[in-house]
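The values are calculated or read from the model by the stated rules, or taken from the named source; none is laboratory data. What you are looking at is a predicted structure, and each value in this text was computed from that prediction instead of being measured. Glycine gets a Cβ as well: all are built from the backbone with ideal geometry, and neighbour counts include every protein chain shown.
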Amino acid sequence: MFTPLTDKQIEQRYELARESYAALGTDTEAQLQRLERIAVSLHCWQGDDVAGFEVKEGAVSGGGILATGNYPGRARNGDELRADAEKALSLIPGKGRFSLHAIYAETGSKPVPRDELEPRHFQRWMDWARSQGLRLDFNPTYFAHPLADSGYTLSSANDTVRAFWIRHGIACRRIAEAMGRAQASSAVINHWVPDGAKDSPIDRWGPRRRLADSLDQILAAEADARLCKDAVEAKLFGIGSEDYVVGSHEFYMGYALTRKPMLCLDMGHFHPTETIHDKLSAILQFKPEVLLHVSRGIRWDSDHVVILNDDLRQVFHELARGDALARTHVALDYFDASMNRVGAWVIGTRAAKKAILYALLEPTVTLQALENAGDLAGKLGLLEELKTMPFGAVWDCFCLRQGVPVGGAWLRELQAYDAGVIRRR
Ligand code: RNT
Ligand code: ZN
């Protein structure tokens with residue numbers, strides 16, 4: 001079903017494609033080298049439906065976010081999650097990183113409260129990352145916890161609750177710093193809180209005042225900024241926070257512009273018809289770096305598996321045209337429990353890398369010249385022609401050179417892993 005071409009045929013197709021792109025002014029070899037260096041951070045939580053491995057002391061709490069679907073065989077512990085991630089990474093070309101949440105701490109059989117987590121609880125992850133040549137990123141988990149049940153964490157009016165989450169944020173920055181030290185390069189730590197209200201809160205002011213204050217306290221804790229790079233993530237609405245989200249876009253725009261952290265733009269966190277590509281050239285005027293959560297919103301859900309659609313291509317076009325890829329941390333964020341989870345990782349990551357390559361192959365200088373000359377039909381016409389250029393031949397060659405399956409050949413490997421590992425759990 002997925003019979004790939006021979007290596008020789010893949011190279012011959014690439015050679016023709018290289019010439020076609022060269023005729024328009026694109027050096028495919030140079031762009032493939034650039035692509036090789038751009039890391040995409042895989043999100044650990046696609047592997048187990050954001051469940052985590054916390055040893056629970058009391059009641060189990062959900063809330064904040066929710067993965068739907070009943071595909072069998074989700075990873076139940078660190079070893080299974082690492083094995084699944086290794087499988088996924090073996091099917092993805094180019095450089096990867098791996099993003100953990102605090103609930104993926106490995107504390108043996110001992111429950112460790114989130115405000116007491118330490119770098120040693122992530123030692124196995126750090127050792128694994130080193131063995132895989134991967135760098136880690138991190139996220140405090142301000143949800144799925146009894147102290148998040150009220151719907152408010154860092155913005156809670158209850159001082160005990162708020163203090164607990166502030167301590168958690170600080171503990172997580174120390175962990176990110178330790179990860180950064182272990183990998184001799186920064187770990188990105190992204191702060192997202194679910195805080196908000198289902199319906200018509202009378203007080204929209206107090207929670208925002210408290211959230212800003214809590215974040216200030218967390219960020220005031222000492223952590224080497226070269227090792228621990230903070231980001232804050234906004235959202236329009238979530239499950240149970242349909243009417244009001246404390247950390248809205250305006251809130252975090254203001255916060256990030258007046259403080260150090262980067263802004264994290266999640267592609268699924270805006271109005272359903274609002275896209276993020278136009279925001280990049282605005283935000284990057286004023287901030288040196290940005291964190292991207294590559295996701296796909298559908299109606300009320302913000303976390304469908306990423307595919308190569310227009311939204312994704314527009315984002316990377318903007319970054320490539322503005323020469324801002326080096327200032328952007330690219331991370332994935334979605335979770336789908338209705339399909340093979342390793343497959344979901346591979347589909348989304350390969351799509352993100354394809355979108356980056358698609359953008360890098362654009363003959364931007366030629367398009368810009370047409371626009372500058374007022375030849376708008378020429379510009380739009382060329383953009384259209386580019387869509388049927390032999391982009392796939394360049395992508396296939398990249399996969400071949402990176403030693404990962406070409407075209408649909410990775411699906412056969414996924415099927416074997418599904419039958420041999422996933423369905424035997
Ligand atoms: C939730 C945010 C957040 C989470 C992860 C698990 O809406 O997008 O980034 O998805 O931290
Ligand atoms: Zn996100």
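With the stretch 285-370 as the region, which strands (runs of 3 or more DSSP E) entirely inside it contain at least 3 residues that are within 16 Å of ligand 2 (Cβ to nearest atom), surrounded by 21 or more Cβ atoms within 10 Å (Cβ to Cβ) and among the aliphatic types (A, V, I, L, M)? Spell out the reasoning first.
Working: elements: 290-294, 296-298, 301-304, 328-332.
In the stretch 285-370, the matching strands (runs of 3 or more DSSP E) lie at 290-294, 328-332.
Using the structure shown, decide if Trp128 is among the aromatic types (Phe, Trp, Tyr) and touching a strand residue (DSSP E or B) at 6+ places or on another chain (Cβ under 8 Å). Even if it seems obvious, please write down each step before you answer.
On the way: among the aromatic types (Phe, Trp, Tyr): yes; touching a strand residue (DSSP E or B) at 6+ places or on another chain (Cβ under 8 Å): no.
Against the criterion (among the aromatic types (Phe, Trp, Tyr) and touching a strand residue (DSSP E or B) at 6+ places or on another chain (Cβ under 8 Å)), Trp128 does not qualify.
Just name the residue that is nearest to ligand 1 (Cβ to nearest atom) out of those in the stretch 187-212 that are crowded, with 24+ Cβ neighbours inside 10 Å and assigned to a helix (DSSP H, G or I).
Leu211
Being touching a Lys or Arg at 6+ places or on another chain (Cβ under 7 Å) and charged (D, E, K, R) is the requirement here; does Glu413 meet it?
Working: touching a Lys or Arg at 6+ places or on another chain (Cβ under 7 Å): no; charged (D, E, K, R): yes.
So Glu413 does not fit the description; no.
Return the residue satisfying two criteria in turn: it lies in the stretch 247-284 and is more than 16 Å from ligand 2 (Cβ to nearest atom) and polar (S, T, N, Q), and of such residues it is nearest to Leu308 (Cα to Cα).
Filtering the stretch 247-284 for residues that are more than 16 Å from ligand 2 (Cβ to nearest atom) and polar (S, T, N, Q), the one nearest to Leu308 (Cα to Cα) comes out as Thr273.
When both residues are 6+ apart or on different chains and their Cβ atoms are under 7 Å apart, which pairs have a first residue that lies in the stretch 66-87 and is free of Cβ contacts under 8 Å to residues at least 40 places away in the same chain, and a second that is surrounded by 12 or more Cβ atoms within 10 Å (Cβ to Cβ) and in a loop (DSSP other than H, G, I, E, B)?
Asn77/Phe53; Leu81/Asp48; Leu81/Ala75
Taking Asp127 as the residue in question, decide whether it is under 27 Å from Ser186 (Cβ atoms), surrounded by 17 or more Cβ atoms within 10 Å (Cβ to Cβ), of a type in the set (Asp, Glu) and at pLDDT 95 or above. Spell out how you get there, then give the answer.
Values: under 27 Å from Ser186 (Cβ atoms): yes; surrounded by 17 or more Cβ atoms within 10 Å (Cβ to Cβ): no; of a type in the set (Asp, Glu): yes; at pLDDT 95 or above: yes.
Spelling it out, it is not the case that Asp127 is under 27 Å from Ser186 (Cβ atoms), surrounded by 17 or more Cβ atoms within 10 Å (Cβ to Cβ), of a type in the set (Asp, Glu) and at pLDDT 95 or above.
Would you call Ala197 touching a strand residue (DSSP E or B) at 6+ places or on another chain (Cβ under 6 Å), more than 16 Å from ligand 2 (Cβ to nearest atom) and closer than 22 Å to Leu66 by Cα?
Details: touching a strand residue (DSSP E or B) at 6+ places or on another chain (Cβ under 6 Å): yes; more than 16 Å from ligand 2 (Cβ to nearest atom): yes; closer than 22 Å to Leu66 by Cα: yes.
Judged against the criteria, Ala197 is a match.
Tell me the residue from Thr328, Thr275, Thr258 that is over 14 Å from the mean Cα position of the chain (by Cα), within 27 Å of Pro363 (Cα to Cα) and not charged (D, E, K, R), please. Outline the logic, then answer.
Working: Thr328 fails: over 14 Å from the mean Cα position of the chain (by Cα); Thr258 fails: within 27 Å of Pro363 (Cα to Cα).
Among Thr328, Thr275, Thr258, only Thr275 is over 14 Å from the mean Cα position of the chain (by Cα), within 27 Å of Pro363 (Cα to Cα) and not charged (D, E, K, R).
Does the stretch 73-88 include one or more residues that are closer than 30 Å to Glu362 by Cα and either within 16 Å of ligand 2 (Cβ to nearest atom) or in a loop (DSSP other than H, G, I, E, B) (or both)? Spell out how you get there, then give the answer.
Initially, the stretch 73-88 is screened for residues closer than 30 Å to Glu362 by Cα, giving 88.
Applying the additional criterion that residues be either within 16 Å of ligand 2 (Cβ to nearest atom) or in a loop (DSSP other than H, G, I, E, B) (or both) yields none.
No, the stretch 73-88 contains no residue that is closer than 30 Å to Glu362 by Cα and either within 16 Å of ligand 2 (Cβ to nearest atom) or in a loop (DSSP other than H, G, I, E, B) (or both).
Out of all the residues in the stretch 8-50, which are under 30 Å from Pro194 (Cβ atoms) and surrounded by fewer than 19 Cβ atoms within 10 Å (Cβ to Cβ)? Spell out how you get there, then give the answer.
Here is the first cut: in the stretch 8-50, the ones under 30 Å from Pro194 (Cβ atoms) are 39-50.
Within the stretch 8-50, just Ala39 meets the criteria.
What is the number of the single condition among (1) touching a Gly at 6+ places or on another chain (Cβ under 9 Å); (2) at pLDDT 95 or above; (3) away from ligand 1 (no atom under 16 Å from the Cβ) that Ile103 does not meet?
So Ile103 meets the others, but not (3).
Condition check: among the small types (Gly, Ala, Ser), touching an Asp or Glu at 6+ places or on another chain (Cβ under 6 Å) and not in a loop (DSSP other than H, G, I, E, B). Does Ser41 satisfy that? So that I can check it myself, show each step before the final result.
Values: among the small types (Gly, Ala, Ser): yes; touching an Asp or Glu at 6+ places or on another chain (Cβ under 6 Å): yes; not in a loop (DSSP other than H, G, I, E, B): yes.
When the stated conditions are applied, Ser41 passes them.
Please enumerate the residues belonging to the stretch 143-167 that are free of Cβ contacts under 8 Å to residues at least 60 places away in the same chain and crowded, with 19+ Cβ neighbours inside 10 Å.
Residues of the stretch 143-167 free of Cβ contacts under 8 Å to residues at least 60 places away in the same chain: 147, 150, 153, 156-167.
Scanning the stretch 143-167 gives Leu147, Thr153, Ser156, Val161, Arg162, Phe164, Trp165, Ile166.
Tell me, please, whether a residue that is farther than 28 Å from Glu36 by Cα and surrounded by 12 or more Cβ atoms within 10 Å (Cβ to Cβ) can be found in the stretch 407-418.
Initially, the stretch 407-418 is screened for residues farther than 28 Å from Glu36 by Cα, giving 418.
Among the residues that remain, those that are also surrounded by 12 or more Cβ atoms within 10 Å (Cβ to Cβ) are: 418.
Yes, the stretch 407-418 has at least one match.
Specify the residue that is nearest to Trp205 (Cα to Cα); the eligible residues are those in the stretch 262-279 that are in contact with a helix residue (DSSP H, G or I) (Cβ under 6 Å, 6 or more places away or on another chain) and more than 15 Å from ligand 1 (Cβ to nearest atom).
Thr275
Mind checking which residues of the stretch 287-327 are within 16 Å of ligand 1 (Cβ to nearest atom), modelled with pLDDT of 95 or more and among the polar types (S, T, N, Q)?
Ser295
Exactly one of these conditions fails for Gly69: (1) among the small types (Gly, Ala, Ser); (2) modelled with pLDDT under 95; (3) out of contact with any Gly (no Cβ under 7 Å at 6 or more places or on another chain). Give me its number.
Against the list (1) among the small types (Gly, Ala, Ser); (2) modelled with pLDDT under 95; (3) out of contact with any Gly (no Cβ under 7 Å at 6 or more places or on another chain), Gly69 comes up short only on (2).
State all residues of the stretch 387-406 that are part of a helix (DSSP H, G or I) and either touching a residue at least 60 places away in the same chain (Cβ under 8 Å) or more than 18 Å from Leu312 (Cβ to Cβ) (or both); if no residue qualifies, say none. Please lay out each step first, then the result.
Quick first cut of the stretch 387-406, residues part of a helix (DSSP H, G or I) only: 387, 391-402.
Selection gives Phe391, Ala393, Val394, Asp396, Cys397, Phe398, Cys399, Leu400, Arg401, Gln402.
Just the residues that are free of Cβ contacts under 8 Å to residues at least 24 places away in the same chain, assigned to a helix (DSSP H, G or I) and within 16 Å of ligand 1 (Cβ to nearest atom), please, taken from the stretch 216-261.
Answer for the stretch 216-261, where residues must be free of Cβ contacts under 8 Å to residues at least 24 places away in the same chain, assigned to a helix (DSSP H, G or I) and within 16 Å of ligand 1 (Cβ to nearest atom): His249, Tyr252.
Could you say which residue among Asp266, Asp278 is buried (at least 18 other Cβ atoms within 10 Å of the Cβ) and of a type in the set (Asp, Glu)? Lay out the reasoning, then the answer.
Numbers: Asp278 fails: buried (at least 18 other Cβ atoms within 10 Å of the Cβ).
Result of the check over Asp266, Asp278: Asp266.
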